[in-house]
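A quick write-up on the structure given underneath.
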Amino acid sequence: MIALAVCLLSVTAFSQKAVTPVPPIPELVPAGVEVTVTRNSVVADGKKIDYTAHTGYLNLKNDTGKLIAKVFFTYYRKEGEDAGKRPVTFTFNGGPGSSSVWLHMGGLGPKRVLMQDDGTATAPPYQYINNEYTWLNKTDLVFIDPVSTGFSRAAPGENPKQFHGYVEDISSVGSFIRHFLSRYERWGSPKFLAGESYGTTRAAGLSKFLQDRYRIYLNGIFLISAVLNFGTNDYYVGNDLPRALYIPSYAAAAWYHKKLAPALQADLKKTLHEAEQFALGEYASALLKGGWLTDAEK
């Protein structure tokens, strides 16, 4: 991850030299945002996609109209289609404490950092390339940096802690989404969330918050590296749950690297079914019994 972070920082410097932003276009920049607008294209699924990118800040205000934070975001909109009807996906990483750079430049955006086939960083100088796997062929994308991550900051005089915490984080990101929908006139669009790691926890909370607070109803949620029950990811002594749940993933990884016995290597679907049955049955029972296991059971 450190290597990728260095890579992404280098890419930022490279990008500033390689791309000359066009002046902001007044009719495309709504009130309440401070952005630079650029145009570019990417090829995905063998088709060229022309898009406009808005990169900058949305001024986040409270119910009295007071500026409380400036939230950094990048908004990719496919050109040539009615933005009011095209899907829009709000996406963010996790942490908590991470900006959206990982999904942005590592998976979903129209550009991605060039990596080795095994996912490791290339030798410097680093570079970015067109992302043939971008989601932009299906949906417009809004990458959000929650307050205190990336370039997002609380307004002068505001306590950053009001944005930190499970409830506070959901409230501020939800407020950003509401403001964005109004500023960019996207209320009529199908709306999706895409979160990674702790971002899946945020997405789950947002789905209820947006509905209850703003009557914003979502069309779907993408959970990437989901963590909805932190007990499944914590190896503290006495918590056997993750040890059972990880076995199917380990089996899949071993299959990918061709480390399984021939009989298990032959059919991935069958092998994973067996791994799941063992993990949640015989193995989970053995972990639960602990010292009560008989020698025969061991």
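Binning all Cα-Cα separations of the range 120-227 at 10 Å, short to long from zero, yields these whole-percent fractions: 12, 39, 33, 14, 2. Taking the square roots of five times each eigenvalue of the Cα gyration tensor of the range 251-291, the equivalent ellipsoid has semi-axes of 24, 10, 7 Å, listed largest first. Taking the Kirkwood radius as the inverse of the mean 1/r across Cα pairs, report the Rg/Rh of the range 199-259. Value, to two decimals: 1.16. Projected label points at Tyr166 and Leu260, each 7 Å from Cα along the beta carbon direction, are separated by 3.6 nanometres. Sorting Phe143, Phe72 by solvent-accessible area of protein heavy atoms yields Phe72, Phe143, largest first, with a 1.4 Å probe. What's log10 of I(q)/I(0) for the chain at q = 0.07, 0.13, 0.16 Å⁻¹, Debye sum over Cα points only, no solvent? Those come out to -0.34, -1.02, -1.34, one per q.
The orientation-averaged shadow of the Cα convex hull for the range 88-144, equal to a quarter of the hull surface, comes to 4.5 nm². Restricting to the range 37-176, compute how many DSSP beta bridges are antiparallel as a %, nearest 5. Of all bridge pairs located within the range 37-176, approximately 90 percent are antiparallel.
When peptides 100-113, 75-88 are sorted by average Cβ neighbour count within 10 Å, with the highest value leading, the order is 100-113, 75-88.
If you take the alpha carbon atoms of the range 55-205 and fit the smallest convex hull around them, that volume is 126 Å³ per residue. Among the protein heavy atoms of the chain, carbon and sulfur supply 57% of the accessible surface, probe 1.4 Å, non-protein parts ignored. Extension gain, Gln116 to Leu218, is 33.1 nm, computed as 0.36 nm per intervening residue step minus the present C-alpha separation. Rg and Dmax of the range 196-298, based on Cα coordinates, read 18.5, 59 Å. Each peptide in 266-277, 184-195 was scored by the mean count of other Cβ atoms within 10 Å over its residues; highest first, the order is 184-195, 266-277. Rolling a 1.4 Å probe over the protein chains gives Ser182 an accessible area of about 60 Å². Relative to the longest principal axis of the Cα atoms of the chain, helix 198-214 runs at roughly 50 degrees.
Our compactness index for the range 33-114, the C-alpha radius of gyration over the empirical 2.2 N^0.38 Å, is 1.26. Taking a straight line from the alpha carbon of Lys161, these lysines sit under 27 Å away, with near neighbours fewer than eight places off in the same chain left out: Lys61, Lys66, Lys70, Lys208.
The values are calculated or read from the model by the stated rules, or taken from the named source; none is laboratory data. Computed from a predicted structure; not experimentally measured. Neighbour counts run over all protein chains shown; Cβ positions are idealised from the backbone, glycine included. Accessible surface is based on the protein model in full, side chains and every heavy atom, while ligands, DNA and RNA are left aside. Shrake-Rupley method; radii C 1.70, N 1.55, O 1.52, S 1.80 Å.
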